[in-house]
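Heads up: the structure comes next, in structure tokens.
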Amino acid sequence: MLTAVAVALAAVAVAVVVVVRQHSALGSVADLDRGDCVDARAFLRGEQPALADLERADCDDPHDAEVLVIVDLSEKQAAAYRPVVPDEVCLDALDGQADVAVDSERLLVAGVADHARPSAGDAMACFGFAADGKRLNGHVRPR
């Protein structure tokens with residue numbers, strides 16, 4: 001009986017950790033991988049959020065954006081970084097490997113770095129989000 005209670009408590013603890021991880025603020029874009037989903041109200045307004053605005057989200061539930069690619073910024077890319085949508089650095093990074101519907105009809109692209117003025121070598125997460133201001137359902141799919 002005591003073993004069954006211990007196993008049940010361990011299962012609950014694991015479930016709590018998973019839920020907290022999925023709906024937690026991020027400390028760095030380095031904590032993200034391609035295909036991760038996030039929530040940030042700025043995406044729904046067609047704006048580029050700051051890192052502090054991002055919270056992990058479950059991709060199986062409605063969410064605001066998905067990581068399309070992580071870019072390690074070159075000196076030129078870091079100098080060109082501007083907090084605008086669409087992000088030219090991200091669009092360039094997706095060129096030729098865009099297996100998603102990145103166009104003005106379906107998705108907008110925004111890049112988020114750890115700092116407002118990133119440096120060469122910093123990571124930037126490029127997010128795809130709905131151009132119509134709606135939440136995404138599931139993972140972004142090819143056209």
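In order along region 122-129, the phi-based Karplus estimate (6.51 cos²θ - 1.76 cosθ + 1.60, θ = phi - 60°) of 3J(HN,Hα) comes to 6, 8, 10, 8, 9, 9, x, 9 Hz; Gly and Pro are listed as x. Our estimate of slack between residue 84 and residue 60, defined as 0.36 nm per intervening residue step minus the Cα-Cα distance, is 5.8 nm.
Under 19 Å from a label point 7 Å along Cα→Cβ of residue 34: give me every residue in region 47-76 with its amide N that close. Residues 59, 65-74 fall inside that zone. Once you reduce region 47-64 and region 112-143 to the center of their Cα atoms, the two points are 9 Å from each other.
Amide H contacts of residue 87 (H built 1.01 Å from N, in plane; Pro and chain starts excluded): 109, 110, 111 sit under 5 Å, all sequence-distant by 5 or more or on other chains.
Read the figures in this text as sums done on the coordinates, not as results from a lab. No experiment lies behind these values; they were computed from the predicted model shown. Cβ: placed from backbone, ideal geometry, glycine included. Neighbour counts: every protein chain shown.
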